[in-house]
1. Taking 0.36 nm per residue of separation and subtracting the Cα-Cα distance, what length does fully extending GLU6 through TYR46 add?
2. Would you please put 4-11, 42-49, 16-23 in order of how densely packed they are, using the mean number of other Cβ atoms within 10 angstrom per residue and starting with the highest?
Amino acid sequence: ATGCWEITALYQLWLAEGIGAVREYVADRPTAKQTAQRTLIHSTGYRQSPYADLKPAGEGVRKLWHTSPGSVG
C-alpha cells in the first residue's frame, strides 16, 4: 500500500479547506517510477524491495490439516 492516502488526514483537510483542497492533494500522487524507488537499504548497502517477503499467489500452499504417515488398515 505504497500508493494510498490516510483517510483521516483527507477528512481533516476537507473540513478545513474543502473538497478542492482534497482533490488537489489526491491528484499530486507519486509516479510509478517514484513508487518503484522505495527500497529498503540495509547497513551493508544491500537494497531490498519492500515486497521481497511476499510470495506469488498459489505457490507454497501448505495443508491446513494433519495427514497420517501410514495406513491403519
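1. Working: separation 40, 0.36 × 40 = 14.40 nm, distance 2.99 nm.
Gain in length upon complete extension: 11.4 nm.
2. Peptide ranking by packing, descending: 16-23, 4-11, 42-49.
Just so you know, all these numbers are worked out from the coordinates, no wet-lab data involved. Here the structure is a predicted model, which is why all the values come from computation and not from measurement. Using ideal geometry, Cβ is built from the backbone for each residue, glycine included, and neighbour counts are taken over all protein chains shown.
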